[in-house]
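Since the structure comes first, as structure tokens, the remarks are kept for the end.
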Amino acid sequence: QVQLVESGGGLVQAGGSLRLSCAASGRTFSSYIMGWFRQAPGKEREFVAAVSQSGGVIYYADSVKGRFTISRDNAKNTVYLQMNSLKPPDTAVYYCAARTGISITIKQYDYWGQGTQVTVSS
């Protein structure tokens, strides 16, 4: 089992940047595919990005491609989401998630963090 704790959310103006972090504890971090999801008020949770165990394979939702960057540091048991050119529709609670397996395009995850709020003002 793995425990996940997100940090780095906050309030930012449109066009600004934020960097989210997700610290993992428990079983070997490097054995998990890591993903970021978000959920806006009144909407379903949606996939944002995923990174393979080694960090060599990355997958983004079309809505964030070119603006967000996912990365991981297996030595620090941490996954990051660098968010640039933020827009008001990016406002949501952002969740970190972990899963075992091979394909990073599968969006069913086993472990979830508690979420961190990101608010983008216009």
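The values are calculated or read from the model by the stated rules, or taken from the named source; none is laboratory data. Everything numeric here is computed off the predicted structure, so don't read it as measured data. Heads up, the Cβs are rebuilt from the backbone with ideal geometry, glycines too, and the neighbour counts pull from every protein chain shown. All accessible areas refer to the heavy atoms of the entire protein, side chains included, with ligands and DNA or RNA removed. Shrake-Rupley method; radii C 1.70, N 1.55, O 1.52, S 1.80 Å.
Let's see how each residue does on (1) more than 11 Å from Ala98 (Cα to Cα); (2) of a type in the set (A, V, I, L, M, F, W, C); (3) over 16 Å from the mean Cα position of the chain (by Cα):
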site	(1), (2), (3)
Val5	yes, yes, no
Gly8	yes, no, no
Leu20	yes, yes, no
Ile33	no, yes, no
Ile70	yes, yes, no
Asp73	yes, no, no
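Residues in the stretch 26-52 that are in a strand (DSSP E or B), within 18 Å of Val120 (Cα to Cα) and open to solvent by 20 Å² or more (accessible area, probe 1.4 Å): Gln39, Glu46.
Across the stretch 107-116, the qualifying residues are those that are in contact (Cβ under 8 Å) with a residue 24 or more places away in the chain and out of contact with any Leu (no Cβ under 9 Å at 6 or more places or on another chain), and the one among them that is most open to solvent (accessible area, probe 1.4 Å) is Lys107.
Can you confirm whether Ser21 is open to solvent by 10 Å² or more (accessible area, probe 1.4 Å) and either without any contact (Cβ under 8 Å) to a residue 24 or more places away in the chain or not in a strand (DSSP E or B) (or both)? Taking the combined requirement at face value, the residue does not satisfy it.
Here is a yes/no grid of residues against (1) aromatic (Phe, Trp, Tyr); (2) within 15 Å of Glu6 (Cβ to Cβ):
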site: Trp36; (1), (2): yes, yes
site: Gln39; (1), (2): no, yes
site: Asn74; (1), (2): no, no
site: Val79; (1), (2): no, yes
site: Cys96; (1), (2): no, yes
site: Thr100; (1), (2): no, no
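If the condition is being open to solvent by 30 Å² or more (accessible area, probe 1.4 Å), within 25 Å of Pro89 (Cα to Cα) and not aliphatic (A, V, I, L, M), then the stretch 1-18 contributes Ser7, Gly8, Gly9, Gln13, Gly15, Ser17.
Of all residues in the stretch 86-106, those satisfying the criterion of being closer than 17 Å to Ala40 by Cβ, open to solvent by 10 Å² or more (accessible area, probe 1.4 Å) and in a loop (DSSP other than H, G, I, E, B) are Lys87, Thr91.
Name the single residue that is farthest from Lys107 (Cα to Cα) among those in the stretch 53-80 being open to solvent by 40 Å² or more (accessible area, probe 1.4 Å) and aliphatic (A, V, I, L, M).
Quick first cut of the stretch 53-80, residues open to solvent by 40 Å² or more (accessible area, probe 1.4 Å) only: 53-54, 56-60, 62-63, 65-66, 69, 71, 73-77.
Then drop every residue that is not aliphatic (A, V, I, L, M), which leaves 57-58, 75.
Numbers: Val57: 15, Ile58: 13, Ala75: 25 Å.
So the residue we want is Ala75.
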